[in-house]
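S.K.: I am attaching a structure below and will ask some questions about it afterwards.
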Amino acid sequence: MNHRIPNGTGLYPPISLSLASLSIMGSFYQYGFSTCFTFPFLRELSCHLWITGDRIVLAQESFFALHGPQLAALHLQRYYSSPGYAMRDLEWIKARCPALRELTIAMRDWKELPVDPVNMPPVEYLGLRCEREGLSSRHYRIPANFLAIMDEHSMRTKSPVWYNSSIL
């Protein structure tokens, strides 16, 4: 990012871009999205999500601290959660994206679907997509059970927060 001008402190000021939608195909660290740019109008983000403790995730954390509160739509590409961490991931999203209205999760296999549908962020639209093709009907039990539990929970709590969900 050599095209930026130092601001006198030896640091480069971030470039403000007026994008409403952004797709990040690699890591936040790789492209400098957490330090080189600001997106004051960003409402929709498509990205990979890593919730671990390395520097890639620190850049992601910085990005979400700045832009997460304004996001209305989040599309997770190739989502994968280590066994036992799905609830942590969902809590992470809920904490950083309080205005979220739309969540799409694309995963390689239905087995990677977050295991805790009760703790999904309260959204108006939930899209689920499996990249694996040629699955038999028994493989669709996983998302069907997931949606059934989610629906049952919203009926029990009388808070229908999932108005529209689809399996893409």
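The values are calculated or read from the model by the stated rules, or taken from the named source; none is laboratory data. All of these numbers come straight from a predicted model, not from anything done at the bench. All Cβ positions, even for glycine, are placed from backbone atoms using ideal geometry, and neighbour counts span all protein chains on display.
S.K.: What is the one condition in (1) over 23 Å from Tyr125 (Cβ atoms); (2) at pLDDT 80 or above that Cys36 does not satisfy?
M.R.: Exception for Cys36: condition (2).
S.K.: Can you tell me which residue among Leu74, Leu58, Leu66, Leu103 is in contact with an Asp or Glu (Cβ under 8 Å, 6 or more places away or on another chain) and closer than 27 Å to Cys36 by Cβ? I'd like the intermediate steps shown before the answer.
M.R.: Working: Leu58 fails: in contact with an Asp or Glu (Cβ under 8 Å, 6 or more places away or on another chain); Leu66 fails: in contact with an Asp or Glu (Cβ under 8 Å, 6 or more places away or on another chain); Leu103 fails: in contact with an Asp or Glu (Cβ under 8 Å, 6 or more places away or on another chain).
One residue alone meets the criteria, Leu74.
S.K.: While we're here: Which residues, counting only those in region 116-141, are in contact with a Phe, Trp or Tyr (Cβ under 6 Å, 6 or more places away or on another chain) and surrounded by 17 or more Cβ atoms within 10 Å (Cβ to Cβ)? Give the steps one after another, and end with the answer.
M.R.: So in region 116-141, the residues in contact with a Phe, Trp or Tyr (Cβ under 6 Å, 6 or more places away or on another chain) come out as 117, 124, 126, 130, 139.
Selection gives Pro117, Leu126, Cys130.
S.K.: Does region 58-68 contain any residue that is under 26 Å from Ala20 (Cβ atoms), assigned to a strand (DSSP E or B) and either of a type outside the set (Lys, Arg) or at pLDDT 80 or above (or both)?
M.R.: no
S.K.: Can you tell me which residue within region 119-133, out of those that are modelled with pLDDT of 85 or more and closer than 22 Å to Asp109 by Cβ, is farthest from the chain's Cα centre (by Cα)?
M.R.: Taking the candidates together, the pick is Cys130.
S.K.: Give me the residue from region 87-115 that is small (Gly, Ala, Ser) and touching a residue at least 24 places away in the same chain (Cβ under 8 Å) and, out of that set, surrounded by the fewest Cβ atoms within 10 Å (Cβ to Cβ).
M.R.: Ala99
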